[in-house]
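We did not get these values from a lab; they are worked out from the coordinates using the rules stated. Values in this document were obtained by computation on a predicted structure and should not be read as measured data. Cβ: placed from backbone, ideal geometry, glycine included. Neighbour counts: every protein chain shown.
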Amino acid sequence: MLPLQLLGRNTLALISGLGRAVILLLSALLHKPNPRKDIPLLLQQLYSVGVKSLIIIVVSGGFIGMVLALQGYTILVGYGAEASLGPMVALSLLRELGPVVSALLFAGRAGSALTAEIGLMKATEQLSSLEMMAVDPLRRVIAPRFWAGFISLPLLAAIFSMVGILGAHLVGVDWLGVDAGTFWSVMQDQVDFNKDILNGIIKSVVFAFVVTWIAIYKGYDCEPTSEGISRATTSTVVQSSLLVLALDFILTALMFAR
Amino acid sequence: MTLPVTTLDNLIEIENLTFTRGERIIFNDISLSIPSGKVTAIMGPSGIGKTTLLRLIGGQIKPNSGKILFSGKNIPSLSRHDLYETRKRMSMLFQSGALFTDMNVYDNIAFPIREHTDLSENIIEKIVLMKLEAVGLRGARDLQPNELSGGMARRVALARAIALEPELILYDEPFAGQDPISMGVIVSLIRSLSDALGLTSIVVSHDVPEVMSIADYIYIIAEQKIIGHGTPDQIRQDESPLVKQFVQGKADGPVPFHYQAPSYQSELIQLSSEVHGRGKI
């Protein structure tokens, strides 16, 4: 096949895939809410998507905070600036590492699971059988999973940053001897709610939307074979990770560039 | 007994249906009717699109042209809302069973009842146990789908399909891979559902003896067309070579057993000459 033909084919596939993804999302989300049925389904998914991701988020957040404190301290102490350890750690976590690393971990832990689960439901005709029972699989399967991911990730990112700061405190204050009062008060002074915390939250909301959307779309659109599901799961992790990093750059440029 | 081809008693009328998948024509201008309260079988070799026909009737896929009337309403042109309303009147037994893997047997059968009715759990339990008893699996109510054998999964799926007592049940290969006992249970269930409750059944299958024993009317599909139809007796006596070949299960006949390929001999000769040629180098 000529390179030009290949380019054309891939572009068309990309555009039609995007179209299908938008249609899937809109038809899953735009329906009359029925709280009696929707809320139990959402709670169930919040548990399997969000709560079950807690361990990996807490452990990673803790270690990343500890490493940040260790590296930051050795650099800052050379300038006698170890008092700035608190804000350095807090700003790195709140602005960048919290939202980005949680989104990457979430894509690997929950996104891949969502894709594989939905893909397997498709392959074993469970989605078809829902349709034939006059139960809309978009409402019953897709929508609760999307909302669960969308709600969970910002919360997980907040927990990640919090645990990270506690980890940094453990290493910086308890181990390396930075003054606890200085650690907290300089952090409080330097961190701005709108500029740092709110922007971090906005980032993680955007990542939550993108990662969950990719995960449910890849599962719903996959070829219903074992090879198709494995390909879909891989591409969920690869595409959402790359998109998170690219979007992070764009959002950072919009939020923090002067 | 001859069933009239078109009467008001037909639950489903398929008129001039054409369906293609890519370049391949699956059905070419077929028409058939499914009488109410009867067991109608659709037979044919594998890969002929029998399951596709059930999906067309269920509105999961749309035909290229033609009508599929379900009590007068044309399924392909229904709105999404009307299609879901119509589907409440039918149910389908999938070949794989398609049980929900995150629920146990009991919840699987209770699922459609909980979704579509406001019955109390007490009544739901009675219905579920009744359906499980009918398929002989009352003792399996707490098992997970992965703990069931293939035959048991199909019987649970059958119990789920009849949970809401629909007007129409579509059976996709209900006999495939069943042991003789399960087969007997399913054969008599399909028959008695039709006789006792007046359900309309469409059975898609290529198991000739089982279908002959329960069907009221049979359509045989091959080569994109309906090649024969009639009551089991009429089918047995059908003189058409296509029908005869299928019913008697012969590889030689007008319906090719082999997938389209160049002649076996010439392919072998070509292969051996290639090997020979390579040997010289």
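Residue-level analysis places A:ILE55 among those that are under 20 Å from the mean Cα position of the chain (by Cα), without any contact (Cβ under 8 Å) to a residue 24 or more places away in the chain and assigned to a helix (DSSP H, G or I). Of the residues B:SER71, B:SER91, which single one is closer than 18 Å to B:ILE169 by Cβ, within 14 Å of chain A (Cβ to nearest Cβ) and of a type outside the set (D, E, K, R)? Only one candidate qualifies: B:SER91.
Residues in region B:84-94 that are surrounded by fewer than 17 Cβ atoms within 10 Å (Cβ to Cβ) and not in a helix (DSSP H, G or I): how many?
Our first condition is that a residue be surrounded by fewer than 17 Cβ atoms within 10 Å (Cβ to Cβ); within region B:84-94, this holds for B:84-85, B:88-89.
Keeping just the survivors that are not in a helix (DSSP H, G or I) gives B:88-89.
Matching residues across region B:84-94 total 2.
Counting only helices (runs of 4 or more DSSP H) that sit wholly inside region A:103-206, those with at least 2 residues that are within 14 Å of another protein chain (Cβ to nearest Cβ) and surrounded by fewer than 19 Cβ atoms within 10 Å (Cβ to Cβ) are A:112-123. Which ones in region B:111-135 are farther than 30 Å from B:MET183 by Cα, more than 14 Å from chain A (Cβ to nearest Cβ) and not in a helix (DSSP H, G or I)? Within region B:111-135, B:LEU119, B:SER120 meet the criteria. Cβ separations smaller than 9 Å between residues 6+ apart or across chains give the following pairs from region B:59-73 residues that are touching a residue at least 24 places away in the same chain (Cβ under 8 Å) and charged (D, E, K, R) to residues that are surrounded by 13 or more Cβ atoms within 10 Å (Cβ to Cβ) and not in a strand (DSSP E or B): B:LYS67/B:ILE75; B:LYS67/B:PRO76.
Within region B:220-232, can one find any residue that is surrounded by fewer than 18 Cβ atoms within 10 Å (Cβ to Cβ), out of contact with any strand residue (DSSP E or B) (no Cβ under 7 Å at 6 or more places or on another chain) and not in a helix (DSSP H, G or I)? Looking through region B:220-232, at least one residue is surrounded by fewer than 18 Cβ atoms within 10 Å (Cβ to Cβ), out of contact with any strand residue (DSSP E or B) (no Cβ under 7 Å at 6 or more places or on another chain) and not in a helix (DSSP H, G or I). Does A:GLU96 fit the bill of being acidic (Asp, Glu), farther than 30 Å from B:ILE113 by Cβ, away from chain B (no Cβ under 14 Å) and touching a Ser or Thr at 6+ places or on another chain (Cβ under 8 Å)? In short, yes.
Suppose we filter region B:192-208 for residues that are part of a helix (DSSP H, G or I) and over 23 Å from B:SER96 (Cβ atoms); how many remain? Spell out how you get there, then give the answer.
Filtering region B:192-208 down to residues part of a helix (DSSP H, G or I) leaves B:192-197, B:208.
Then drop every residue that is not over 23 Å from B:SER96 (Cβ atoms), which leaves B:192, B:194-197.
Within region B:192-208, residues that are part of a helix (DSSP H, G or I) and over 23 Å from B:SER96 (Cβ atoms) number 5.
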